[in-house]
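The values are calculated or read from the model by the stated rules, or taken from the named source; none is laboratory data. Just so it is clear, the structure is predicted and the values come from calculations on it, not from any experiment. Positions of Cβ are backbone-derived with ideal geometry, glycine not excepted, and every protein chain shown enters the neighbour counts. The accessibility values were calculated without ligands, DNA or RNA, using every heavy atom of the protein model including side chains. Shrake-Rupley method; radii C 1.70, N 1.55, O 1.52, S 1.80 Å.
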Amino acid sequence: VQLQAFGGGLVQPGGSLTLSCEASGGVSSIYVWGWYRQAPGRQRELVASIRHSGGANYGDHVKGRFTISRDNVKNTLYLQMNSLNVEDTAVYYCNAVSIGAAPYWGQGTLVTVSS
């Protein structure tokens, strides 16, 4: 499975941004998709995940502000981010998990929230 993330950039506090992650390869084996982020000097943390069945899970720091979704036809994962603040500045990675294999990671896309 190959993952390629898009959509990062510079946004002002309070603004919105949508990240995309295009998947190719053996995507039919994936049962959980997710977004993680890593800020400078901090560990990588879960932002949101979504199961193949559609159930979503969010980190406490983004609940009510971010929405994860997936287009199964386009094999694309999305992360809609609203009410961004400076603490959301990080490199965002998309992730995919299949049974019996190590997790797959995209290359990361930088989100910078700054005035």
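Ignoring ligands, DNA and RNA, please state the percent of accessible area on the range 31-98 from carbon and sulfur, probe 1.4 Å. Ligands and nucleic acids excluded, carbon and sulfur reach 47 percent. Its relative contact order, with pairs defined as Cα atoms under 8 Å and 6+ residues apart, puts the chain at 37 percent. Taking the centroid of alpha carbons for each part, the range 74-115 and the range 1-46 are 2 Å apart. If both residues of a DSSP beta bridge must be in the range 1-92, then about 100% of such bridges are antiparallel. For the chain, the normalised intensity computed at q = 0.15, 0.16, 0.21 Å⁻¹ comes to -0.59, -0.67, -1.13 (log10 of I(q)/I(0), Debye sum over alpha carbons, equal scatterers, no solvent). The label point for Asp71 and the one for Ala101, both projected 7 Å from the Cα toward the Cβ, are 2.3 nm apart.
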